[in-house]
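Here the structure is laid out as C-alpha cells; the discussion comes afterwards.
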Amino acid sequence: MRASSSPASTRTAPSSRPDPASRRRFHALAGTAIAASAAVALENARLTDRVTVRQALIDATRDIAATVPSGGDAAELLPVITSRACSLVDADTAFLALPERPELPAADVVVAAASGADSERIVHIPLSIHGTSIGDAYRDDVPKRFDRFDTRNAVLVDHTGPALVLPLRA
C-alpha cells in the first residue's frame, strides 16, 4: 500500500472570529431594535401626557360646572376658573378681567379674579386695553401668546414672563 501525498479531505478549524458581514448585520438589527423601542417609549409618553391633560381638563370642567348649577354667583365661579386655569397650564398667575363698563366697546377692564402668585394685589385693579397685549386680544377677540408679557399696565410689571391672553366672550 502506498500513501498518497495529497490529503483525501481538507478540514479547517472553526474560526474564533465571526464573519464581518454577520457582525454588521447583528449590529444593524440591534440598532433597529433599540430605535424601535425608543420610538414606542416616546409615543407612550406622548399618549400618557395627552391622557393626563385631557383628564385635567375634564376635572376642571367638572369643578366649574359644579359651581354653576348650585346657584353660585360670579364671586364664587370666577376664582374657581382662575384657579383651575392656573393649575392646568402650570402658570405662576392667572387672572380674569372683565370690562369696567360693558356697554362701552373700548372700556378698560378690571381684574375680577386671580389665582397664584401676587393674586391678592391685582384683584379689582383696572387694566388699560389701549396699546397693550391685553387690549389687542380683547379688541381682536383672538387669543394671543407672548414670550414676554406686556408691562405697559403698571400693575403687571412683576409678571414679565411668557403669557397667554385669551378673550372670553359671552
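The values are calculated or read from the model by the stated rules, or taken from the named source; none is laboratory data. These numbers come from a predicted model, not from an experiment. For neighbour counting, all protein chains shown are included, and Cβ atoms are generated from backbone atoms with ideal geometry for every residue, glycine included. SASA here: full protein model, heavy atoms, side chains in, ligands and nucleic acids out. Shrake-Rupley method; radii C 1.70, N 1.55, O 1.52, S 1.80 Å.
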By accessible area (1.4 Å), largest first, GLU76, GLU120, GLU103 order as GLU120, GLU103, GLU76
Karplus couplings for region 26-31 from phi (6.51 cos²θ - 1.76 cosθ + 1.60, θ = phi - 60°), rounded to Hz, Gly and Pro as x? 4, 5, 5, 5, 5, x
Counting only protein chains, not ligands or nucleic acids, how are LEU168, LEU96 ordered by accessible area (probe 1.4 Å), most first? LEU168, LEU96
Non-local residues with an amide H under 5 Å from the amide H of ILE125, with H modelled 1.01 Å from N and Pro and chain starts lacking one, are VAL111
Once phi for every residue in region 47-56 is put through the Karplus expression 6.51 cos²θ - 1.76 cosθ + 1.60 (θ = phi - 60°), the whole-Hz ³J(HN,Hα) values, with Gly and Pro written as x, are 5, 4, 4, 4, 5, 4, 5, 4, 5, 5
I need the calculated FRET efficiency for the pair ARG121 and LEU77, taking r as the beta carbon distance and R₀ as 22 Å, to the nearest 0.05. 0.55
